[in-house]
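Below is one structure, written out as structure tokens; the observations come after it.
The values are calculated or read from the model by the stated rules, or taken from the named source; none is laboratory data. Predicted, not measured: the structure shown is a model, and the values here were computed from it. Ideal geometry is used to build each Cβ from the backbone, glycine not excepted, and the neighbour counts take in all protein chains shown.
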Amino acid sequence: MLQKLSCTGYVRMCGLGGILNRYGERMPGREIIRMSCMMRDRYDGRGGGFAGYGIYPRYAEYYALHLFFRDEIAKERTEELLKDRVAIIKDEPVPMRRVKEIPQENIVWRYFVEVPHRFRDRREYLEKEEDYITELVFTINDCIDGAFVASSGKNMGVFKATGMPDAVAEMYKVEKYRAYCWITHGRFPTNTPGWWGGAHPFNLLDWSVVHNGEISSYGTNRRYLEAHGYKCRLLTDTEVVAYLFDLLVRRQGLSMRTAAVALTPPFWKQIERMPEPKRSAFTALRMTYSQAMLNGPFAVIITNRDTMVGLNDRIKLRPLIAASSEDCVYLASEEAAIREVENDIEKLWAPRAGNPVIARLNEEVREEVIH
Amino acid sequence: MVRNFPPDFVVRVDKEACINCMRCIRECPFGVHEYDKEKKRWKRHHDKCVACLRCAYMCPTQAISIERSPMEYSPHPVWTNRVRKDIKTQAETGAVILTAMGNELPYMSYFDRLVLDACQVTNPSIDPLREPMELRTYIGRKPEKVEIEEEDSSIRLRTKLAPNLKLETPIMFAHMSYGSISIEAHLSMARAAKEVGTYMGTGEGGMHVELYPYADHIITQVASGRFAVHEEYLKRGAAIEIKIGQGAKPGIGGHLPGKKVTEEISRTRMIPEGSDAISPAPHHDIYSIEDLSRLIYALKEATRYKKPVFVKIAAVHNVAPIAVGIIRAGADAVVIDGFRAGTGAAPQVHRDHHGIPIEAAIASVDRRLREEGIRHWGSIIASGGIRSSADVAKAIALGADAVYIGTAALIALGCTVCKKCYTGKCAWGIATQDPELRKRLDPEEGARRAANLLRAWSHELKEILGALGLNSIESLRSNRDRLRGVGLSEPELRVLGVKPAGE
Amino acid sequence: MEIPLRKARVSREDEFVVIDAKGVHYRELNELINELVERGERKLRLLNVNGQRYIADGLRCSDCYIEIHGVAGDDLAAFANGPTIVVYGDVQDGAGNTMNAGRIIVHGNGTDIIGHSMRGGEIFVRGHVGYRVGIHMKEYREQVPVLVVGGTAGDFLGEYMAGGRIVILGLERLETYPEIAGEWLATGIHGGAIYLRDEVDEDKLGYGAKTERLSHSDRRFLSEAVGKFCSCFSLNAEEVLNAEFTKVVPKSHRPFAEMYSDSKEG
């Protein structure tokens, strides 16, 4: 007899998906949940999550901190720190339903905060406001036992837990939020235990990442990031992707395309065939960012407030499909997930290994040719 | 340049005893013995001798003895003789050094630092000759609980059990391919397995038609080369094993040179005669845990969910989470192959430097599966360097359900561990396809010896259980309380989950 | 939110058994297919397929004809032994994995590892295919698998190829990578041949591969294989064949012969 199937399949894997409405129109969570469920045979139920951009228009100018607390003590200690570092404009529990599949391990709270001018001469306030918030996030994750920042961007939020994506969506009432960009992930962990913080998406400021596969270069990447002040404490390889984009794009000012060259560069054999001045530029990027290069089998979707990027490893060891309709751009592990939610697909293709697919608000989606 | 390689062995011949019968020439596949008929002189090519001892035992007058060569380079603790010979070989050829059998470096054996308990006074030991003693083991997925329908006096099972293998002794013959070893070796093990009520693995070389009568005691293998993999092959065997890696060469593939692909091997592997049989390092449809799951279920679909599917991996640093992933991916058993595992051919650098000891791997996989509450989802089969019934007992006490034996089984068939399997010239007719050499192994006799080994070990296992006051092997499984460590450090004891002797 | 999965709706249309696969889990769908074939049905039409895996896996039936409308999921016809499968839509990874005999005709595109380790039968894909297509394809006696692609192929085409024939026609090209086939073409090849309807840059060839002039028997093979392909998709075979082809073959049947050394044999 077949058992009842919700998101519980027979075969289990990681799967990822993303939708960006290119006109910035906000879509309810329904579609991304259906996409995620379509790939149910890829997950094992030990991690699922969603990130939505544009969900808090009333508080769009404030950092929205989504926090997990193991208990009231962790919450009190975190709030002490928050009051010391930032101005809390509003705070409230993240609305939740009880679902039988997921034990309520955590208190989930959200804070809308800003950095008051009077704090800007503080030591922690390095050069930019974002660095100040980054430092705050690391301090909470690192120093407060039982507290974890799930997301810290503006007008966005991450909803994740240990469970199948459909149960996670049910628990967080994801269908009630409206966002112009959604990403999702279902997890099958092999390296790290399943815990709420370990589920995807991973987030820092506006950066969110979902990832399928393994970053085999994690040790090298982590040491490189630590030398730049990042703290990799999440017991998973995915966090380095978010931090690498933050470092390369936000702090060092590279374009998304160039950042992709640094992270998934062409092979030396291919670089040597390139004409000048491209060859010199690619050579310099590979030499300079050798420790940022991501190795191992992976497909990732990276988002920030106006962009969604899909990227594969250099020899395409994980699947990734891109598609566009008149209004939306889609990325997913499987074509079937996209077809489940969109009938009018204009274009659907499998991007080349190492080529980023870049979807930006108000622009045509394009696959950047770097390989 | 002078080739200054001292030989490993020297062949000593008692000239008075030698009757010039030339038997040694016929017996040695490596060309050590040579006779110049004109000059009536013997020449012994010491550098070609591998110490398989075939000639010595076949000499009718026992005139031959093989000794370790007294000629060596000047002693040096770092630049050992082996290191120097390897460098010279590579300088000459520019090639990877190939070898066979298990890890040769002197790593410590944890089995030899673990001792078993015995009953004294407080509980009685059991005499297995007169009292019941059970070794039966089921390999495969077990349900969380069983639902029973009870009506008046009748009781009916409502839970549908997943397919399991029934073993009368928790010892199976490891996967060694037809191609790497002869059909006579395969037949010997297949007959023994059927007779004793256990199983043998085909390895990745397919199932020869002569094995079909024993197919219900044979586990087929699906390796990265997919040789012989065919729906009938999958349906014919008792279970299917996906080979991801092996302990002797974790992370790399293998290949059977074309010259060994004879007509019969070609037919069994379903590849053309004389073509190289290359097994890629990974399965190219498995680049991640979810792809493994896809293959597991593709095999289950293709066999209509009637065969248990095992997955074999080499014991590597992260073995516990990987094994957990494999079980969660749908495997009915995970096979862990430790770093002392044997092989027919492996680059020396991989054989000697990759992987971890099987004892640590069993303990950590068993612990992790229990921590996650899914130990019953799949069985643990341990392999790689199991040498005796004591090793079997200790492996089971550390958490294994059963073991595979490879090298030990070959030794039972006559192997002397000369480490030349990859040459295809096995003097004892085991690791060869040469029709003349193959005649040296009689499958009837081979089957008798292989079955005897299983019986002897099973009997010893019963004696061990008796001494422990247990009358069933499942009471030893993961019963680490009945082990103590001797001369092991704190972290090692912690990994193994055993107490130091005296505590 | 739960997606309700439901039992497949089955009806009959002429000699076809029609299954509406919308929202049906693969396990249920495949059980149904196997049951119908066991009952003697030979023509099946599956509607609204979207990502269901393992369709026709291990199916031994040389006169079965299965039509798939939609996207066939991973490992379509893996280990299959005989059936003909026509897909009106795309196929996902691993179609024809370790197939022994049969035919897969795909009207859309295919993704990675199509025809992995395939030993016999034919796969025709009208559109483009992804990475590592035809990897470790083999042949055995009269079984010579043939894979023909109308569009282009990604990197590592025919990696480890040990036998069989791959034909890439390149009738349509990708904007992002207009070449007929990707990098590391036929790397590790030690048997079989790849025919590409275009020129191929020497430095695209992988380890152990070389190009070779076409012989008469190559031409004969091409006209037969391309002819069959074209008749599946209503194309003009003569026009398609009227072009230069490049043939890629192994340099040697023992590509790694020099790699190993025995410390004894020196």
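Can you pull out every residue in the stretch C:4-20 that is part of a loop (DSSP other than H, G, I, E, B) and either modelled with pLDDT of 95 or more or basic (Lys, Arg) (or both)? Working first, answer last.
Going residue by residue through the stretch C:4-20, those that are part of a loop (DSSP other than H, G, I, E, B) are C:4-8, C:14-15.
Across the stretch C:4-20, the qualifying residues are C:6, C:7.
Condition check ((1) crowded, with 21+ Cβ neighbours inside 10 Å; (2) of a type in the set (D, E, K, R); (3) more than 28 Å from residue A:26 (Cβ to Cβ)) across all residues:
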site: A:252; (1), (2), (3): no, no, yes
site: A:256; (1), (2), (3): no, no, no
site: A:260; (1), (2), (3): yes, no, no
site: A:265; (1), (2), (3): yes, no, yes
site: A:270; (1), (2), (3): no, no, yes
site: A:290; (1), (2), (3): no, no, yes
site: A:300; (1), (2), (3): yes, no, no
site: A:318; (1), (2), (3): yes, yes, yes
site: A:327; (1), (2), (3): no, yes, no
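Yes/no per residue for (1) surrounded by 14 or more Cβ atoms within 10 Å (Cβ to Cβ); (2) at positive phi; (3) in a strand (DSSP E or B); (4) in the same structural domain as residue B:71 (by TED's automatic domain parsing):
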{"position": "B:4", "(1), (2), (3), (4)": "no, no, no, no"}
{"position": "B:17", "(1), (2), (3), (4)": "no, no, no, yes"}
{"position": "B:21", "(1), (2), (3), (4)": "no, no, no, yes"}
{"position": "B:24", "(1), (2), (3), (4)": "yes, no, no, yes"}
{"position": "B:30", "(1), (2), (3), (4)": "yes, no, no, yes"}
{"position": "B:38", "(1), (2), (3), (4)": "no, no, no, yes"}
{"position": "B:52", "(1), (2), (3), (4)": "yes, no, no, yes"}
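For residue C:209, are the conditions met, namely being over 28 Å from residue B:254 (Cα atoms) and touching a Leu at 6+ places or on another chain (Cβ under 9 Å)?
Numbers: over 28 Å from residue B:254 (Cα atoms): no; touching a Leu at 6+ places or on another chain (Cβ under 9 Å): yes.
Judged against the criteria, residue C:209 is not a match.
Go through (1) crowded, with 22+ Cβ neighbours inside 10 Å; (2) modelled with pLDDT under 90; (3) not β-branched (Val, Ile, Thr) for residue A:223 and report which single condition fails.
Unmet for residue A:223, out of (1) crowded, with 22+ Cβ neighbours inside 10 Å; (2) modelled with pLDDT under 90; (3) not β-branched (Val, Ile, Thr): (1).
Table: residues versus (1) surrounded by 21 or more Cβ atoms within 10 Å (Cβ to Cβ); (2) within 12 Å of chain C (Cβ to nearest Cβ).
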{"position": "B:209", "(1), (2)": "no, no"}
{"position": "B:221", "(1), (2)": "yes, no"}
{"position": "B:226", "(1), (2)": "yes, yes"}
{"position": "B:237", "(1), (2)": "yes, no"}
{"position": "B:243", "(1), (2)": "yes, no"}
{"position": "B:248", "(1), (2)": "yes, no"}
{"position": "B:264", "(1), (2)": "no, no"}
{"position": "B:268", "(1), (2)": "yes, yes"}
{"position": "B:274", "(1), (2)": "no, yes"}
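Examine the stretch A:275-294 for a residue that is hydroxyl-bearing (Ser, Thr, Tyr), at pLDDT 90 or above and in contact with a Gly (Cβ under 9 Å, 6 or more places away or on another chain), and state whether such a residue exists.
The answer is no, given that none of the residues of the stretch A:275-294 is hydroxyl-bearing (Ser, Thr, Tyr), at pLDDT 90 or above and in contact with a Gly (Cβ under 9 Å, 6 or more places away or on another chain).
Between a first residue in the stretch A:37-50 that is more than 14 Å from chain C (Cβ to nearest Cβ) and a second residue that is part of a strand (DSSP E or B) and among the charged types (D, E, K, R), which pairs have beta carbons less than 7 Å apart while being 6 or more apart in sequence or on different chains?
Listed pairs, sorted by first residue: A:49/A:160.
Can you report the number of residues in the stretch A:333-346 which are touching a residue at least 12 places away in the same chain (Cβ under 8 Å) and within 10 Å of another protein chain (Cβ to nearest Cβ)?
Quick first cut of the stretch A:333-346, residues touching a residue at least 12 places away in the same chain (Cβ under 8 Å) only: A:333-338, A:340-342, A:344-346.
Now narrow it down to the ones that are within 10 Å of another protein chain (Cβ to nearest Cβ): A:333-338, A:340.
Of the residues in the stretch A:333-346, 7 are touching a residue at least 12 places away in the same chain (Cβ under 8 Å) and within 10 Å of another protein chain (Cβ to nearest Cβ).
Show the residue pairs that are 6+ apart or on different chains and have beta-carbon atoms under 7 Å apart, the first residue being within the stretch C:196-207 and within 13 Å of residue C:186 (Cβ to Cβ) and without any contact (Cβ under 8 Å) to a residue 24 or more places away in the chain, the second being among the small types (Gly, Ala, Ser) and in a loop (DSSP other than H, G, I, E, B).
Here the result reads none, with nothing in the stretch C:196-207 linked to a residue that is among the small types (Gly, Ala, Ser) and in a loop (DSSP other than H, G, I, E, B).
Please indicate, with yes or no, whether at least one residue in the stretch B:243-257 is of a type outside the set (A, V, I, L, M, F, W, C), modelled with pLDDT under 95 and more than 30 Å from residue A:318 (Cα to Cα).
Yes, the stretch B:243-257 has at least one match.
Please state which one of B:323, B:360 is within 14 Å of chain A (Cβ to nearest Cβ) and in a helix (DSSP H, G or I). Show your work before the answer.
Values: B:360 fails: within 14 Å of chain A (Cβ to nearest Cβ).
Only one candidate qualifies: B:323.
Within the stretch B:94-113, track down each residue that is within 14 Å of chain C (Cβ to nearest Cβ) and surrounded by 14 or more Cβ atoms within 10 Å (Cβ to Cβ). Full working, then the answer.
Step one: filter the stretch B:94-113 for residues within 14 Å of chain C (Cβ to nearest Cβ), giving B:94-101, B:104.
Within the stretch B:94-113, B:95, B:96, B:97, B:98, B:99, B:100, B:101 qualify.
Any idea which residue in the stretch B:426-473 is surrounded by the most Cβ atoms within 10 Å (Cβ to Cβ), counting only those that are in contact with a Pro (Cβ under 7 Å, 6 or more places away or on another chain) and part of a loop (DSSP other than H, G, I, E, B)?
B:427
Give the stretch C:101-126 a look and list any residue that's touching a helix residue (DSSP H, G or I) at 6+ places or on another chain (Cβ under 7 Å) and without any contact (Cβ under 8 Å) to a residue 60 or more places away in the chain, or say none.
As a first pass, look at the stretch C:101-126 and keep what is touching a helix residue (DSSP H, G or I) at 6+ places or on another chain (Cβ under 7 Å): C:105, C:124.
Hits for the stretch C:101-126: nothing passes.
How many residues are away from chain B (no Cβ under 14 Å) and either within 27 Å of residue C:156 (Cβ to Cβ) or buried (at least 18 other Cβ atoms within 10 Å of the Cβ) (or both) when one looks only at the stretch C:236-266? Walk me through it before giving the result.
At the first step, the residues of the stretch C:236-266 found to be away from chain B (no Cβ under 14 Å) are C:236-248.
Restricting the remaining residues to those that are either within 27 Å of residue C:156 (Cβ to Cβ) or buried (at least 18 other Cβ atoms within 10 Å of the Cβ) (or both) gives C:240-241, C:243-248.
Residues meeting the conditions: 8.
So, of the residues in the stretch C:163-190 that are part of a loop (DSSP other than H, G, I, E, B) and aliphatic (A, V, I, L, M), which turns out to be farthest from residue C:139 (Cα to Cα)?
Kept after step one, since they are part of a loop (DSSP other than H, G, I, E, B), are these residues of the stretch C:163-190: C:169-180, C:182-184, C:186-190.
After this cut, where a residue has to be aliphatic (A, V, I, L, M) as well, the list is C:169, C:171, C:174, C:180, C:186, C:189.
Values: C:169: 22, C:171: 27, C:174: 31, C:180: 24, C:186: 16, C:189: 13 Å.
So, considering only residues that are part of a loop (DSSP other than H, G, I, E, B) and aliphatic (A, V, I, L, M), the one farthest from residue C:139 (Cα to Cα) is C:174.
Has the stretch C:24-43 got at least one residue that is without any contact (Cβ under 8 Å) to a residue 40 or more places away in the chain, outside any helix (DSSP H, G or I) and buried (at least 24 other Cβ atoms within 10 Å of the Cβ)? Steps first, answer last, please.
Pass one, the stretch C:24-43, residues without any contact (Cβ under 8 Å) to a residue 40 or more places away in the chain: C:24-25, C:27-43.
Imposing the further condition that a residue be outside any helix (DSSP H, G or I) reduces the set to C:24-25, C:39-43.
Narrowing the set further to residues that are buried (at least 24 other Cβ atoms within 10 Å of the Cβ) leaves none.
Checked against the condition, which is being without any contact (Cβ under 8 Å) to a residue 40 or more places away in the chain, outside any helix (DSSP H, G or I) and buried (at least 24 other Cβ atoms within 10 Å of the Cβ), the stretch C:24-43 yields no hits at all.
So which pairs qualify, if the first residue must be in the stretch A:68-80 and under 17 Å from residue A:150 (Cβ atoms), the second must be part of a helix (DSSP H, G or I), the Cβ gap must be under 8 Å, and the two must be at least 6 apart or on different chains?
So the pair list comes out as A:68/A:196; A:68/A:197; A:69/A:75; A:69/A:78; A:78/A:140.
Okay, residues lined up against (1) out of contact with any strand residue (DSSP E or B) (no Cβ under 7 Å at 6 or more places or on another chain); (2) in the same structural domain as residue B:179 (by TED's automatic domain parsing); (3) among the aromatic types (Phe, Trp, Tyr); (4) free of Cβ contacts under 8 Å to residues at least 24 places away in the same chain:
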{"position": "B:271", "(1), (2), (3), (4)": "no, yes, no, no"}
{"position": "B:275", "(1), (2), (3), (4)": "no, yes, no, yes"}
{"position": "B:300", "(1), (2), (3), (4)": "no, yes, no, no"}
{"position": "B:304", "(1), (2), (3), (4)": "yes, yes, no, yes"}
{"position": "B:308", "(1), (2), (3), (4)": "no, yes, no, no"}
{"position": "B:319", "(1), (2), (3), (4)": "no, yes, no, no"}
{"position": "B:332", "(1), (2), (3), (4)": "no, yes, no, no"}
{"position": "B:341", "(1), (2), (3), (4)": "no, yes, no, no"}
{"position": "B:356", "(1), (2), (3), (4)": "yes, yes, no, no"}
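Output the number of residues of the stretch A:264-316 satisfying the condition of being polar (S, T, N, Q) and not in a loop (DSSP other than H, G, I, E, B).
Pass one, the stretch A:264-316, residues polar (S, T, N, Q): A:264, A:270, A:280, A:283, A:288, A:290-291, A:295, A:303-304, A:307, A:312.
Cutting the leftovers down to not in a loop (DSSP other than H, G, I, E, B) gives us A:270, A:280, A:283, A:288, A:303, A:307, A:312.
Going through the stretch A:264-316 one residue at a time, the tally reaches 7.
Please work out if residue C:55 is touching a strand residue (DSSP E or B) at 6+ places or on another chain (Cβ under 7 Å), more than 24 Å from residue C:186 (Cβ to Cβ), within 14 Å of chain A (Cβ to nearest Cβ) and assigned to a loop (DSSP other than H, G, I, E, B).
Yes; evaluated as a whole, the condition is true for this residue.
Scan the stretch B:290-313 and tell me whether some residue there is of a type in the set (A, V, I, L, M), under 28 Å from residue B:99 (Cα atoms) and either away from chain A (no Cβ under 12 Å) or in contact with a His (Cβ under 7 Å, 6 or more places away or on another chain) (or both).
Yes; the residues of the stretch B:290-313 include at least one that is of a type in the set (A, V, I, L, M), under 28 Å from residue B:99 (Cα atoms) and either away from chain A (no Cβ under 12 Å) or in contact with a His (Cβ under 7 Å, 6 or more places away or on another chain) (or both).
Can you name every residue in the stretch B:326-348 that is hydrophobic (A, V, I, L, M, F, W, C) and within 13 Å of another protein chain (Cβ to nearest Cβ)?
Residues of the stretch B:326-348 hydrophobic (A, V, I, L, M, F, W, C): B:326-327, B:329, B:331, B:333-336, B:339, B:341, B:345-346.
Within the stretch B:326-348, B:326, B:327, B:329, B:331, B:334, B:345, B:346 qualify.
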